[in-house]
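Structure first, commentary second.
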Amino acid sequence: MPNYIFEDGAERNIPIGKLVCLARTYKKHADEMKSKVPEEPLLFLKPVSSVIFDGESIVYPSISKCLHHEVELGVVIGKKCKDITRDTALDYILGYCVCLDITARDIQSVAKKNGWPWSIAKGFDTFAPISNIVLKERCVNPNNLDISLKVNGTVRQSSNTKNMVFSVEEIIEFISSIMTLEPGDLIMTGTPEGVGEIHRGDVLEAELGGICFLKVDVK
């Protein structure tokens, strides 16, 4: 498994664990997808093999004709946690990143129509670009961070994590009630409105709170 890369350049040898992802955590995004906001967090998983880093490339799979970008706040777990409460949730965080949940929207649409899982649409290699990790001490409040994505220099997504339906604390509380979170696990907290199609040759630039930056292209 690959290790995280930290923005301070320190070598910490922390392998990336499971990727726990959320859907429909911003109301405006749920609206644009013609979906309802769930009463509880809606979870799915992405494989570690989908991770790439700053400066690398998203590979367009041959079996898809429509890829979409989704910019997200990423939360890296620092300590093992199970059945924790929201009032202690931030104690278990190692740091934060900005990440992209790349989605084969055509494949996902077929899966939704048939009631099938989304694993193929979300799980291709290179479908989880992540920035370098910023330690939590540099982020006073993860629930109030500007988040944005540019494609070829044009802003496609722009919001703030305060617009999430669930706070970071509520998300960790919920996930830890279902599965044990281990050091190195990454929670991808869902995307705001403005998702759209990307093509070969596009350059994507994501930013979170002025502290996390990610630039990748599509090939």
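Table: residues versus (1) exposed (fewer than 14 other Cβ atoms within 10 Å of the Cβ); (2) touching a strand residue (DSSP E or B) at 6+ places or on another chain (Cβ under 9 Å); (3) hydroxyl-bearing (Ser, Thr, Tyr).
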residue: Ile16; (1), (2), (3): no, yes, no
residue: Leu22; (1), (2), (3): no, yes, no
residue: Lys28; (1), (2), (3): yes, yes, no
residue: Pro41; (1), (2), (3): no, yes, no
residue: Pro47; (1), (2), (3): no, yes, no
residue: Ser50; (1), (2), (3): no, yes, yes
residue: Tyr60; (1), (2), (3): no, yes, yes
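Could you tell me whether any residue of the stretch 140-147 is closer than 20 Å to Asp217 by Cα and modelled with pLDDT of 95 or more? Yes, the stretch 140-147 contains at least one residue that is closer than 20 Å to Asp217 by Cα and modelled with pLDDT of 95 or more.
Can you name every one of the strands (runs of 3 or more DSSP E) wholly within the stretch 174-213 that holds 1 or more residues which are over 27 Å from Pro38 (Cβ atoms), free of Cβ contacts under 8 Å to residues at least 40 places away in the same chain and not hydrophobic (A, V, I, L, M, F, W, C)? I'd like the intermediate steps shown before the answer.
Values: elements: 186-188, 196-198, 203-208.
Hits in the stretch 174-213: none.
Do we have any residue at all in the stretch 137-147 that's part of a strand (DSSP E or B) and within 20 Å of Leu204 (Cα to Cα)? Break it down stepwise before answering.
Let us first name the residues in the stretch 137-147 that are part of a strand (DSSP E or B), namely 146-147.
When the remaining residues are screened for being within 20 Å of Leu204 (Cα to Cα), the result is 146-147.
Among the residues of the stretch 137-147, at least one is part of a strand (DSSP E or B) and within 20 Å of Leu204 (Cα to Cα), which makes the answer yes.
Here Cys97 meets each of (1) in contact (Cβ under 8 Å) with a residue 24 or more places away in the chain; (2) outside any strand (DSSP E or B); (3) closer than 17 Å to Ile187 by Cα with one exception, condition (2).
When residues in the stretch 114-135 are screened for being modelled with pLDDT under 95 and surrounded by 15 or more Cβ atoms within 10 Å (Cβ to Cβ), 1 of them pass.
Across the stretch 162-173, what is the total count of residues that are crowded, with 19+ Cβ neighbours inside 10 Å and either in a strand (DSSP E or B) or over 16 Å from the mean Cα position of the chain (by Cα) (or both)? Qualifying residue count, the stretch 162-173: 2. Only one entry in Ser50, Ser57, Ser64 is in contact (Cβ under 8 Å) with a residue 40 or more places away in the chain, more than 13 Å from the chain's Cα centre (by Cα) and under 21 Å from Lys215 (Cβ atoms), namely Ser57.
Within the span defined as the stretch 75-87, one or more residues are polar (S, T, N, Q) and in a loop (DSSP other than H, G, I, E, B).
The values are calculated or read from the model by the stated rules, or taken from the named source; none is laboratory data. Nothing here was measured: the structure is a model prediction, and the numbers come from that model. Don't worry about glycine lacking a Cβ; one is built from the backbone with ideal geometry, like all the others, and counts go over all protein chains shown.
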